[in-house]
Each structure stands twice: as C-alpha cells, then as structure tokens.
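Participant: Handing you this structure, nothing more for now.
The values are calculated or read from the model by the stated rules, or taken from the named source; none is laboratory data. Quick caveat, the model's predicted, so the values are computed rather than measured. Cβ sites come from the backbone with ideal geometry, for glycine too, and all protein chains shown count toward neighbours. In case anyone asks, the SASA skips ligands and DNA or RNA and just uses the protein heavy atoms, side chains included. Shrake-Rupley method; radii C 1.70, N 1.55, O 1.52, S 1.80 Å.
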Protein chains: 4
Amino acid sequence: MINVAVAGLGYWGPNLVRNFNACADTTVVRLCDTDPVRLGAIRRQYPNATCTTSFAEVVDDPTVDAVAIATPVSTHYELARSVLEAGKHVLVEKPLAGSVADAERLVALAKHVRRVLMVDHVFVHSPSVQKMAELIQSGEVGDVLFIDSVRINLGLMQHDVNVLWDLAPHDVSIIDHLIGRPPRSVVALGSSHGGLEDVAYLHLDYGDKLLASVHVNWLSPVKVRYFLVGGSRRSLLYDELNFSERVKVYDRGVDVSNDPEGIRQVLISYRSGDVFSPRLDGKEPLSKLVEHFVDCIAGRAVPISSGEHGLRVVRVLDAAQRSLGHGGARVTL
Amino acid sequence: MINVAVAGLGYWGPNLVRNFNACADTTVVRLCDTDPVRLGAIRRQYPNATCTTSFAEVVDDPTVDAVAIATPVSTHYELARSVLEAGKHVLVEKPLAGSVADAERLVALAKHVRRVLMVDHVFVHSPSVQKMAELIQSGEVGDVLFIDSVRINLGLMQHDVNVLWDLAPHDVSIIDHLIGRPPRSVVALGSSHGGLEDVAYLHLDYGDKLLASVHVNWLSPVKVRYFLVGGSRRSLLYDELNFSERVKVYDRGVDVSNDPEGIRQVLISYRSGDVFSPRLDGKEPLSKLVEHFVDCIAGRAVPISSGEHGLRVVRVLDAAQRSLGHGGARVTL
Amino acid sequence: MINVAVAGLGYWGPNLVRNFNACADTTVVRLCDTDPVRLGAIRRQYPNATCTTSFAEVVDDPTVDAVAIATPVSTHYELARSVLEAGKHVLVEKPLAGSVADAERLVALAKHVRRVLMVDHVFVHSPSVQKMAELIQSGEVGDVLFIDSVRINLGLMQHDVNVLWDLAPHDVSIIDHLIGRPPRSVVALGSSHGGLEDVAYLHLDYGDKLLASVHVNWLSPVKVRYFLVGGSRRSLLYDELNFSERVKVYDRGVDVSNDPEGIRQVLISYRSGDVFSPRLDGKEPLSKLVEHFVDCIAGRAVPISSGEHGLRVVRVLDAAQRSLGHGGARVTL
Amino acid sequence: MINVAVAGLGYWGPNLVRNFNACADTTVVRLCDTDPVRLGAIRRQYPNATCTTSFAEVVDDPTVDAVAIATPVSTHYELARSVLEAGKHVLVEKPLAGSVADAERLVALAKHVRRVLMVDHVFVHSPSVQKMAELIQSGEVGDVLFIDSVRINLGLMQHDVNVLWDLAPHDVSIIDHLIGRPPRSVVALGSSHGGLEDVAYLHLDYGDKLLASVHVNWLSPVKVRYFLVGGSRRSLLYDELNFSERVKVYDRGVDVSNDPEGIRQVLISYRSGDVFSPRLDGKEPLSKLVEHFVDCIAGRAVPISSGEHGLRVVRVLDAAQRSLGHGGARVTL
C-alpha cells in the first residue's frame, strides 16, 4: 500500500484525491492547502486523511511515500524539489514548471535521487490518445501531413498563468506523444484583454512539411474541442465532447502527387471514404494515470508522462511565450 | 429586363446561371466556356441561351448588358477589363483579381466608365452575416475582442490558386464587412503537400487588441465551419452547417477588468448566460446577391461587395501570401 | 428521347421538372397546373415546355410519352387512370391513391394496358435505404428486433390529407422495402388541433416479435429524422440530416438469450462495439428515381417503387386511418 | 445533523452515498447490501460508515434518522414499510413500488406515522424540468398540444423489471409534474426478445386533444434523449444530452384555427421563429433532491416527488402494463 499526500485542493486537486482514494493500491493519508476553508470542505468527505496548511509537515512525514502537487504553476518547482529531496515520489500537475531551467533541475534531481517524477499530462493517458498513437505508429495513418487542435471555452479560472500555460500543455503533450520528436521552431500569436493573454495560437514546425497548430482561448462563448490529424493514408478526428464516438478514422488519404489531376482523383475518392469509430476503453484517464503512477513506483513500468516528457512540453511553451512576446517572431528550439 | 452572360461553367458558374435564370429582372442570353463538353451539358438545360467558346463574342454582343465571370482567378483581370471597356456591368467571382495592381486597375476602370463592378463575395450577402453586422453596429456585441474563423474540408477542386486564395476570400470579406477597416498587419503560415499550399492560417492584427484569425484547409477529412466573434458584451457564433440555428448570440461578455477576481466573477456569470438564436431570412444568399446586382445596375443601390471591398480583400490576401512566403514574417499593409 | 409532362407545380412538382429536365433521356414537353400564377413562374425557367391549365390537353397530346403527377392525393386516381387509359406511362406522387380500392384499380389497369405505373416513394431510391436493405438481406444485421422511425417537423403545407397520409408514406414504404412482407396488424394513435390530425403514431406488428413504429408530426418545433433498425447481430441508424454519415452500423447485436446474466454480458460488450459508416453514393435520390423510371419504360428494369409497392403502402395507411378513427383499436390487414 | 443509511449499493446506490456524504446536513452512518463484495468495495471509500448485510440492523439502529432505498423494485414495499414503521424517514428509488396497492399502503402508512416518504424521481428536481414547469405554468407555452419523450439506449442492467418499469418512471413523473393531473387512459405496446419487454411505447390520453407519448428502449445502439412539449404559443425541447443548451424555447406556436390557410400562415411565421435557451443552474439534480429531502425532514418544505406523486406514477405504469398485456388495448385509469 502506497501512502499518498495531495497538495493543492482548488479545481483539480479534489479529482486527484478522489482517484487516489478509489485506487486499491494507494491510501490518501494527508491533504494540504494554504486555504483552511478548502481543507474544511474536503475533511468531511475524507475524515481519515490528516489535513494541514503546512507543506513542510507533508514533506517531513516519513509515512508519506508519494506526493501529488496541484498547486499554482509558480510553486511547482519548489514543492516538487522538496518532495524529491525528502526521497519521496512526486506527481506534478501540468505544466511541470514555469521555466525550462526549473524543469531541467527537477528532471536531474529525480534521476539523482532515483525517485519517480511524473507530470499529470492526463490526456496522454486517455484511451483516445493511446488509440491515435497506435494508429500512427502502426502506419495506418501514413505520413502525418498536419495537426490542428482547438481547445476553447470560457475560462480564466487560473490566474497565475496565461491561456498558453493553462490550456496548451494538454495539446503540446498530446502532439509530443504522437510525433515523438520536438518541433524545430515555434510561432505564437495572441492577445490579452484582462492582463493575461486569454487568446493564443501556437504553430509548431516539425519539418517535413508538418505544421502542428493549436488554438487555445478563454473567451470563447462555446466549448469546442477537436484534434485533427491529417494523414497520407487515413486521417483522424478526436473530439473529446463526442462521448459515443470520440475517435473517428477517415478512410483514404491524400496522395501527395504533384499532378493536380491526380490529386483531384484521389480527393474525390477520399471524399467518399468510409468512416470508422473504434471501440475505446471507457475508463477515466486520471484513474489510469494513478494506476500507472503506482506501477512506476513499483518499478513495473516507465512513466509515459515522464519528467523528460514534461520538460519537452515546457521547452515548447517557453519558446511560444517568447514568440508571443515578440509579436509572433519565429523562435527556434 | 437585363440581358446577362455567364462565363465559366465549372463548379460555381452553373449556380450563377440558375439564379440569373430564376431572377424576374434578368435573362441569361449567353453562356461561355472554353470547354465544349461543359457547354453541351448546360445547353440542354437552358436551350434559349446562346452558347459559345469565344469570350470576345460575348463582349462584342451589344444585346448583353452585364457579364458574370466565374473563370480561373488568373483570367479575372483580362476578362473583367474587356467587359468594362465594352461598357457593360460586371460581376466577378472572388477574389477580384490575382494581384493588388490588377484589382486597383479594375476599380479605377469601373469608376471611369461608370459601370457596376461587383465581386461575388456571396457570404457578405447572407442573412447570417447581415445579422452579425447589425448586432455589432448596434453595440449589442460591445467591443470586438477576437474573431476566429475555421473553414476546412476536403478540397483542391481549383488548381490555379492555393487554399489561401481559394477559401480565405470568404472569411476576409466577412471580417472586412464586420470590422469596416483594414488590418494593420498580417501573419500567415501554411504548408503544401501537392505543390500548392493546402493548409493555411491567417492572423490579422486590427490593433486595439483585436486579433482576427482564419484557418483554411483542403485536407481536412471533416467539413467544419464556424465563425466566432468574442465581444465585451455579447459573443456570436455563426455556424453555416447548423441549418436551424445558424447564428447564436451568447448573453453577457467579458469585463476587461484587470482585477482577476473581478474577471472570474464576470466569467462565472457569463458561463450561465442565456443563448439566443434570432430568426433569419431563409433566402439563398446568391439570389439576394443577384437581386442586389440588378438594383445596383438600376442605380437603386450601392454595391455591398463592391470593387473597393474586393480590392481590400485582395490586399489582405496579397500580404498573407508574402508572409507565407517568408515563413510567417509579419507583413504590414 | 422520352417526352414527359409534369402535372401539379406546387411544392414537389418543380423538383420533378428540374430532374426530368436534367436527365439526358427525357424532355419536359408540357407543364400543367390549375393555377396560372404557378405556370407563369415556371414558364420563365423552362421556356420550351408548353404550359397549360388543362390536364385533358396533356392526356390528349400524342407526343407525350409519360406523365408525372404531383397533384393533391384526392386527384391521383382520376388523373393516373386517364393517363394509363391514354396508353401513357405514369409516375404518381406518394401516396398512390386515397383509398385501397382506387390503388388496386390503378395497379390492375397498368397491368392491363401494359404501361409503367410507378410511385414516387423517393426514399426507397436513396443510397441510404439501399444500403440498409443490402445489410439486412446479406444477414449482417441478423434478425430484425425492432424498427423505430421519427419524422417530425413544422408542416401542414398540404391540406387535403392529414399528417398520416402526408408523411408516413415515406416510412411505411421504407419499412416495406426493408422487411419485404406486409404487417399483420396496425395500431395508430394521434390528435388534431386544426381539423386534420397533425400528430400521429403508427405501430406495425410484423409478427416474430418485430414491432415497427413511426412517429409523424407537423407541430414539432425541431426537425428530427431518424430511422433505427435494431438487429440481433448489428444495428443500423439512418439519419437523413447527418450529411457526412447518413448510415451508421453498430457492431455486435443482442443475444436473445433468456439468461439475464448472459444478456448483461453481451450488452456490455455491445456497448463497447465499433461504429462504422459506409461510403454512400451522393446522388440525389430523385434523379436516381427518374433514371430508374426511364429504365422501366425502356424495359431495362422492373420498378422498385412499383404500383404493387404503392398499393401495400396504401393498405397500411388505410388500416392506420381506421385504427386512428377508433382510438387506437388494433386493425388486422 | 441527520444520520442517513443507504440500502442497495448496485448501480444507483453509490450516487446516493456520494451525495449524502457531500451534503453538509447529513452523515452516512450505515451502508447495507446483501452482497459482501459490494460492501467491501464501498467500505474503503467511506471508512466511517458501518457496513452490514442485514437490513434489520439498519432499521433497528436508533441513531439512524432516515433510510435511502436503492434495492430491486420488488423489495421496495417491504423495506420502506419497515423503515416507516420504525419511525424513520424514507427515500425510495423509483418506482415507489411494484403495485398500486403497495404504493397506496406506503402513502397511507407515511401519513399515519407522520414521516417523510419521498420517491427518487430525480428528473423532477432537475433545473431543466423546473424551467419547463415554470414556462408552462406562466402561460408562456400556451395550451399544451402534445408531449413526446424518447429515452432509448443500451440497457437491461436491471433484471427484476422490464423496460417500462425501469425507464418510463422518469418520463411519467416529468409529465405528471408538468401537467399536474392524471391521464384518462393509457395505451401501451412493446415487445420482448430476452424474456422481459425491452422495447415499449406509452400513449397517455389527457383529454383536451392532449396526447403524451413515451418511447423507452433497451436495445437502441445509440443513446437518445429528447422531451418535446408542443404548445399553442411556444414549444419546448429538453435534451438532456445537450449540455450547453439543455432546454430550448421555440418562439411562436400553432394557432389552432380551422382555416387551413390561416394555419399555413401561422406555421410559416413559426418556422422563422427565434430560439431561446435560458440559463440553468448547473447543480447535480440528485444533490438538489438530497437537500430537498433534508428540508422536508426539517419541515421547511413539502416533498415535490412525494409519495402521492410516486403513487400517481405507479398507477400509470400499472395501467400501461395491463395494456401491454392485452396487445395495446386501451386501459382507463
């Protein structure tokens, strides 16, 4: 049995508590938040977990094996560092850290103390993304021609970072997981109306004519989620909001011939292609991530959303932030 | 009765013929295409229109009052020029011309010969766009904070221009109609897999923190159309594919306060705002454009999608093409 | 070349004219309607067709080979009879006639004069229904366990018949085409708020535990169309309004075992079944029907929506009307 | 603080436990199920609740103030009776009982012992149904012309009752809440393929030309939920699966004039009516029901889904079952 502490009980933390509480191999022994009101609210639901406003207490508790951190981004580095230095395993909410340097230090430290450092890039653990990865790796999709992701809704629940650092980590981690190599350069544009950027566009150049684009937005009156992968043999649509058919596979791809007539022929046949929606495991991604975290601690698995993965995501976000700061100038990684 | 000739009977031309044939004030007297097969096919349906492969015949025919041009973009300038020089009115398929210089010449010529020069920016004549313009001009929407338009589907039916010149004219003309001033600068990115760019993103900076973005794509396995207008009081969603509720008005906007708590409050109330979908005239936009063209010829109206409007659209497309050519470098208009 | 006359130019007639005009093997030589205004409107679009308010003229014209009748239901019998007696082929708008006796007379007469009698049950000619028929006949679907069809929208455009006779012919003809045998009995319920029934439910008992139900409604504020076929191996959903995926095939069916645990197991696996949407020919069903009518006249084909098919549909509607008149009493065919 | 026990921890029970655990005024002190495995699973998540396989223990426990019963329908009467006789308040899962007689006895007993008897007709407590009731009572909707409810999906999770008793209680309770009077008669049809009826249609005649129809189905490959209220002034659509716009109000209704032309005019204007989707409280209906149950125990409120309401629902289900048993014969209440 692994004793877990959860720090940060705002929007996301309670989901971590619920899943660690439901997992047969973990016990939630400590809950931590600087806000006593939040602690009081959760204490009633989990009477057996010790509640505290002091993170030091959590780190100093020898009975705690692992800590899940769901606090503001600016605190990730300090808190995760102290957890690792105390010889405990750590699960950090995305993004791993607010700077590349801090993310690099955490990765190095985890390696040094031989503890599990995992980032809560929850979508990477979803059956939908796993299925897309499988379809790309198996060659079903063929060459990936473009990726386009839209993640827009009313937001601004998190005030310590802008929409880029709040929402784009999801898309960047999914793309990193699917493509398996870092982009060569990044162009990002956006605008802010309340202090922090609330609208942003990222364009990741992966070379080989592969452009991956992401639109994140806190001001959209409608919630839109779609993730498109255009392939030379088949194309994929992942729509998180389509509960019954989250992933669709579109038969036939685009023959990248230079003969326009040829292209037209292919496209016309493409237009009439079949659509296939594979069956997906309905399990909650976060519960799968929690089980995976347990396996990694037990040495039965290697982290999918590892510290290195989280670091690659932070590198892209950092480059995007610099591009944003220079009005969309291209930033090379 | 206005005698009309239609040149170019590929994908769009037959729609022009059908609408001019249905309009009570116009008669289709001549049909022109370089392809005899196309002429043969349409001759059977419109036996009373004289068919020809010679555009010169059309221009020289004194009984022809106006010509609608639906030929490849590269031919727009030459054909429209000859029509205007022959003292006839002209409706040109979008975009007005392949270069800013040609578009400027056509606008000047039309002014000189005092004939109607109209561009077939058909969406500007749709009840949906008219309604959005009304809601913005009346102040209902408040400050426009962002515009985001997605127009993606399987395409590549037109081979003389890339996806930017093929699809983006729709979005740029709608945005120009709604905002009523040209953007200050443009950033465009894209990629090509069959010779011509088949994926492109445009970012138009209108100043005052207003960024208007457009995604056009010929390789998408799914057809997606949405046009979002984020406002400080209300926001709009125009979804061409939602036949029963094409335009939705989302109550409440974003208070652009710098106090994050304040923003959160506003956003939370926003989240629970009403949604309103106004009744819209169900008429086919192209039939309204045809009637409007007739009114302009009769001097009863001034063109909405005028030559000047078409020129502004070409200026944006030209700037976007140059940005595309320089890997997304910002191009100032 | 087959010379065609079209009688009845209200809502549907013009679609027949357009398709017969576009068909390479037919020429529209005569247009007939009792309303001169309608004739005037269509004359401009089809200047070469002779317009008349006298149906007798059409019947007496020796150059007319076939007549398409899109007039009110109450007139179908008399008009179709005179066409057949004049030795011409006839396409009758659905339903074939207002009574079983009239429908039987037309079927007998057509057989006697050896002319084609076809009913415009247009959906039976749609690629979606053809695909469903293929999937059922091939055994893919297994045993058909239930059929449920919903066809509701704002209506009341047709005043000579109620919603049962106006909309249900579509569903009854599709079901007849798929099941290939008449129901044993019918139960129908409904209500009327403006004289004619505007809401109606049909329940057709086909024996073998197969119940086929239809909901037709003129008062629905939303347009809903779905046609469900529940099968023991696979199930089908035909949604006319889902343009990109009109027919969906749901993998796995229900094992009609009596062991509840067994059923639960099967259903759980079913729940996680794949979804497949086959490619469909995009052609307009009415154009396919017109070509099929031509083939039947030329003796190259036997009518799919034949007089006999139309008669079976009228028998069901007549039984349903009697059930409706007796508050839902079961009527045996 | 009210001490609550929950009996029956299958599909629904855990939701009751979660909501009673989250409610500030209630404490879950006892959990009861005949299956030790289920008890073991829930014990870990709620370590402070005493678990037992003996319902008698729960009833005999003087510290228990109220019991929520989520056991099979056949046991509702016996269990609820013993709870009331022990002087405790009771919340019974829908339907209240398996027979009219048992439901009547429970209502009488609760009145006699002066304890709260509430039925878990959860939808009646949803913001969507509350809003529809408000729109009907305020006269916004005008005369209710028809109600049509579809509740179909893959099911058969509950084996002690058929689809009629499993799913239709939801629709019948909503209709009862909206109309506020019992139907005059019921017609029900259905079929069974695995022992129990898995497809059923209910038609409730409320007089005044008001027909309310319900389709419940365990074999549907797709999950469909819609609840339509057709009104003479406005019409309502409640779609539980449309998270962002659960209730839509369609402007204008049907003038029940007998002049067909008049109707057509009205309907044409109706067709172009506005659509309005009011803001709704996003709270989970079950949490509102739990709070309402607390208020009723405290004497601060009178039960919305009272025993009498639950009895009216059982009367309709019983009549429908008898109609089903007689092949759709009309059964008068």
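Participant: What do you get for the angle between helix C:13-22 and the principal long axis of chain C? Use alpha-carbon atoms, 0 to 90 degrees, nearest ten.
Facilitator: 80 degrees
Participant: Below 15 angstrom from the Cβ of C:Tyr226, what's the summed charge of the other residues (Lys, Arg +1; Asp, Glu -1)?
Facilitator: Numbers: positive: C:Arg151, C:Lys223, C:Arg225, C:Arg246, C:Lys248, D:Arg151, D:Lys223, D:Arg225; negative: C:Asp148, C:Asp171, C:Asp239, C:Glu240, C:Glu245, D:Asp148, D:Asp239.
So the environment of C:Tyr226 carries a net charge of +1.
Participant: Okay, next question. For every helix of n ≥ 4 consecutive DSSP H residues, a contribution of -39,500 (n - 2.57) applies; sum these over chain B, divide by its total residues, and give [θ] at 222 nm rounded to the nearest 500 deg cm²/dmol. Can you show the working numbers first?
Facilitator: On the way: 10 runs with 125 residues, N = 333.
Value at 222 nm, helices only, nearest 500: -12000 deg cm²/dmol.
Participant: Let me ask something additional. Which of the lysines could a cross-linker span from C:Lys111 if the Cα-Cα distance has to be under 20 Å and same-chain partners fewer than 8 positions apart are dropped?
Facilitator: The qualifying lysines are C:Lys88, C:Lys94.
Participant: Net charge around C:Leu109, counting only other residues with Cβ within less than 14 Å of its Cβ (Lys, Arg = +1; Asp, Glu = -1)? Can you show the working numbers first?
Facilitator: Numbers: positive: C:Arg81, C:Lys88, C:Arg105, C:Lys111, C:Arg114, C:Arg115; negative: C:Glu78, C:Glu85, C:Asp102, C:Glu104, C:Glu308.
Once all neighbours under 14 Å are counted, the net charge is +1.
Participant: Amide H to amide H, which residues 5 or more places from D:Leu145 or on other chains are under 5 Å from it, using H placed in the peptide plane?
Facilitator: D:Gly230, D:Gly231, D:Ser232
Participant: Another one. Would you mind finding the longest exposed-site-free stretch of chain C, with exposed chymotrypsin sites (Phe, Trp or Tyr not before Pro) meaning DSSP loop and at most 12 other Cβ atoms within 10 Å? Walk me through the numbers on the way to the answer.
Facilitator: Values: sites that count: C:Tyr11, C:Phe243.
Here the longest run is C:12-242.
Participant: Moving on. Peptide A:193-203: average number of partner chain Cβ atoms within 10 Å per residue?
Facilitator: Working: counts 13, 13, 6, 3, 0, 8, 7, 1, 8, 0, 6.
For this peptide, the per-residue mean of nearby foreign Cβ atoms is 6.
Participant: Now for a separate question. Work out the length of the dipole vector of the protein assembly as shown about its Cα centre, built from +1 on the beta-carbon of each Lys and Arg and -1 on the beta-carbon of each Asp and Glu, and round it to the nearest 20 debye. Walk me through the numbers before you get to the answer.
Facilitator: Values: 136 positive and 156 negative charges, 1 e Å.
Magnitude of the dipole: close to 0 debye.
Participant: Let me confirm one metric for peptide B:227-237, namely the mean number of other chain beta-carbon atoms within 10 Å of its residues' beta-carbons.
Facilitator: Working: counts 0, 7, 1, 9, 2, 2, 0, 1, 5, 1, 4.
Mean partner shielding for this stretch: 3.
Participant: If you count, for every residue in C:35-45, the Cβ atoms of partner chains within 10 Å of its Cβ, what is the mean?
Facilitator: Numbers: counts 0, 0, 0, 0, 0, 0, 2, 0, 0, 5, 5.
Mean partner-chain Cβ count within 10 Å for C:35-45: 1.
Participant: In addition: Roughly how many percent of the accessible protein surface of segment C:69-196 is carbon and sulfur, given a 1.4 Å probe and a whole-percent answer? List each step's numbers first, then the result.
Facilitator: Numbers: 2000 of 3960 Å².
Of all accessible area on segment C:69-196, carbon and sulfur atoms account for 51 percent.
Participant: Mind scanning A:Lys223/D:Lys223; B:Lys248/B:Lys283; A:Lys131/A:Lys209; B:Lys209/B:Lys288 and naming the pairs with a C-alpha gap bigger than 28 Å?
Facilitator: Numbers: A:Lys223/D:Lys223 21 Å; B:Lys248/B:Lys283 18 Å; A:Lys131/A:Lys209 24 Å; B:Lys209/B:Lys288 34 Å.
Those over the limit are B:Lys209/B:Lys288.
Participant: Let me ask you something else. In degrees from 0 to 90, rounded to the nearest 10, what is the angle of the helix C:285-297 Cα long axis to the longest principal axis of chain C?
Facilitator: 60 degrees
Participant: Using the Karplus equation 6.51 cos²θ - 1.76 cosθ + 1.60 (θ = phi - 60°), what ³J(HN,Hα) coupling, rounded to whole Hz, does each residue of segment B:186-196 give in order, writing x for Gly and Pro?
Facilitator: Rounded to whole hertz, the list is 9, 10, 9, 10, x, 8, 10, 10, x, x, 8.
Participant: Could I ask something else about it? Looking at the protein assembly as shown only, what percent of DSSP beta bridges run antiparallel? Nearest 5 please. Don't skip to the end; give the middle numbers.
Facilitator: On the way: 154 of 266 bridges.
Around 60 percent of the beta bridges assigned by DSSP in the protein assembly as shown are antiparallel ones.
Participant: Could you pull out the longest piece of chain B with no exposed loop trypsin sites (Lys or Arg not before Pro) in it, calling a site exposed if DSSP puts it outside H, G, I, E, B and it has at most 14 other Cβ atoms within 10 Å?
Facilitator: On the way: sites that count: B:Arg114, B:Arg184, B:Lys283, B:Arg300.
Longest site-free region, per DSSP loop and neighbour criteria: B:1-113.
Participant: Using 0.36 nm times the number of residues separating C:Arg44 and C:Val100, minus their current alpha carbon distance, what extension gain do you get?
Facilitator: Details: separation 56, 0.36 × 56 = 20.16 nm, distance 3.89 nm.
16.3 nm is the gain from fully extending C:Arg44 to C:Val100.
Participant: Hey, for B:Asp295 with labels 7 Å out along Cα-Cβ, what do the inter-copy distances come to in nm, ordered shortest first?
Facilitator: Distances to the matching label points in the other copies: 4.8, 5.5, 6.6 nm.
Participant: Now, a different point. In nm, one decimal, shortest first: how far is the label point of B:Ala108 (7 Å from Cα along Cα to beta carbon) from the matching points in the other copies?
Facilitator: 6.5, 8.3, 10.0
Participant: Return the chain D residue and its Cβ-to-axis distance, rounded to the nearest Å, for the rotation relating D to B.
Facilitator: With distances in whole Å, chain D gives D:Phe276, 3.
Participant: Determine the sum of side-chain charges near D:Ala86: Lys and Arg each +1, Asp and Glu each -1, restricted to other residues whose C-beta is under 10 angstrom from that of D:Ala86.
Facilitator: Numbers: positive: D:Arg81, D:Lys88, D:Arg115; negative: D:Asp60, D:Asp61, D:Glu85.
Taking every Cβ under 10 Å from that of D:Ala86, the sum is 0.
Participant: Nearest 100 Å² is fine: how much accessible area is buried between D and B, summed over both sides, with a 1.4 Å probe? Mind showing how you got there, number by number?
Facilitator: Details: alone 15270 and 15340 Å², together 29620 Å².
Chains D and B together bury roughly 1000 Å² of accessible area.
Participant: Would you work out the relative contact order for segment C:111-218, in percent, from Cα pairs under 8 angstrom that are 6 or more residues apart?
Facilitator: Values: 144 pairs, mean separation 33.5, N = 108.
31 percent.
Participant: Separate question: With each pseudo-label sitting 7 Å past Cα toward Cβ, what's the D:Val113-D:Asp25 distance in nm, one decimal?
Facilitator: My value for the distance between the label points is 2.1 nm.
Participant: Still on this structure: Defining the label point at 7 Å along Cα→Cβ, can you sort the distances from B:Ala24 to the same site in each other copy, shortest first, in nm?
Facilitator: 3.8, 6.8, 7.8
Participant: Distance in nm between label sites at D:Glu78 and D:Ser287, each 7 Å beyond Cα in the beta-carbon direction?
Facilitator: 3.6 nm
Participant: I've got another one for you. On C-alpha positions alone, give me the angle between the axis of helix B:163-179 and the longest principal axis of chain B, in degrees, nearest 10.
Facilitator: Approximately 60 degrees, to the nearest 10.
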